[in-house]
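Laboratory data are not the source of any read-out in this text; all were calculated from the coordinates shown. Computed from a prediction, not measured in an experiment: that's the story for all the values here. Glycine also receives a Cβ, built like all others from the backbone with ideal geometry; neighbour counts cover every protein chain displayed.
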Amino acid sequence: LQVLSLLAMEPPRTTAANSVRDSKLDVLRTLRPFTPEDVDKWVVRGQYTEGLINGQPVKGYRQEEHVAPDSNMESFVALRCFIENWRWAGVPFYLRTGKRLPKRASEIAIQFNSVPRILFNSGPRTPLAPNLFTIRIQPDEGLSLHIVSKMPGADLRLAPVKVDFHNQSVFPEAYETLLRDVILGDQTLFMRRDSVEAAWQFIQPILDVWGEAQI
């Protein structure tokens, strides 16, 4: 939700910490509340079990130290949500997070509207894929843009092209930035109490439905 609010917030009035955090709070307060029917339809949870990683056996969540053998604690969650304001009305946001996944990555993928079915996209059998903009947070910080471009030559042939930027050697590590902010007393990147409460208010209906479920 912290990443979602950073992505979807309106430009703050100033760069001061409270101004930025006010804009992030507005996003959390305009998230469409979940009904019990929405939770069943648009929220998925899971828990990893024992298996193999690189050929080596690994424990399931319930076999981990200090975990109850009948624990229903989720180790994976995916959901679809909507921000009910003028800019984002009708745009779905998909959030996914979990442990023991095949790939360790934190990223934001923004899929643009599909290309109209005219001109270069008029072929009924091979519609062009929408452009995709990806912001990689970790471990390989950077940006990438997937677009469709004309291939060199006289013939009209289109192919996907990836534009990639890696900032690993340009900017400091995330924790370096946060520690510096702590020393300087800059609270811009930290959640304020009202934002934490707004986030829990959004999540609590999901937890209530799960708490009543018999698994």
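One table, with the values for the structure above:
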| quantity | calculated |
| --- | --- |
| Values of log10 I(q)/I(0), in the order q = 0.21, 0.26 Å⁻¹, for segment 171-215 under a Debye, Cα-only, solvent-free model | -0.74, -0.89 |
| Nitroxide proxy distance, nm - points 7 Å out along Cα→Cβ at Val3 and Lys150 | 3.7 nm |
| Label-point separation, Ala109 to Thr177 (7 Å along Cα→Cβ), nm | 2.3 nm |
| Helical mean residue ellipticity (222 nm; -39500 (n - 2.57) per DSSP H run of 4+; nearest 500) of the chain | -8500 deg cm²/dmol |
| Above-threshold pairs, the threshold being 28 Å between Cα atoms, out of Lys99/Lys150; Lys24/Lys99; Lys24/Lys150 | Lys99/Lys150; Lys24/Lys150 |
| Pair Gln187, Gln201: separation of 7 Å Cα→Cβ label points (nm) | 1.9 nm |
| ³J(HN,Hα) computed for each position of segment 131-138 - Karplus, 6.51 cos²θ - 1.76 cosθ + 1.60, integer Hz, glycine/proline x | 5, 9, 10, 10, 10, 8, 8, 7 |
| Residues Thr49 and Leu101, FRET efficiency given R0 of 22 Å [Cβ-Cβ distance, rounded to 0.05] | 0.95 |
| Three-way shape label, segment 1-119, alpha-carbon gyration tensor, a/c 1.5 | prolate |
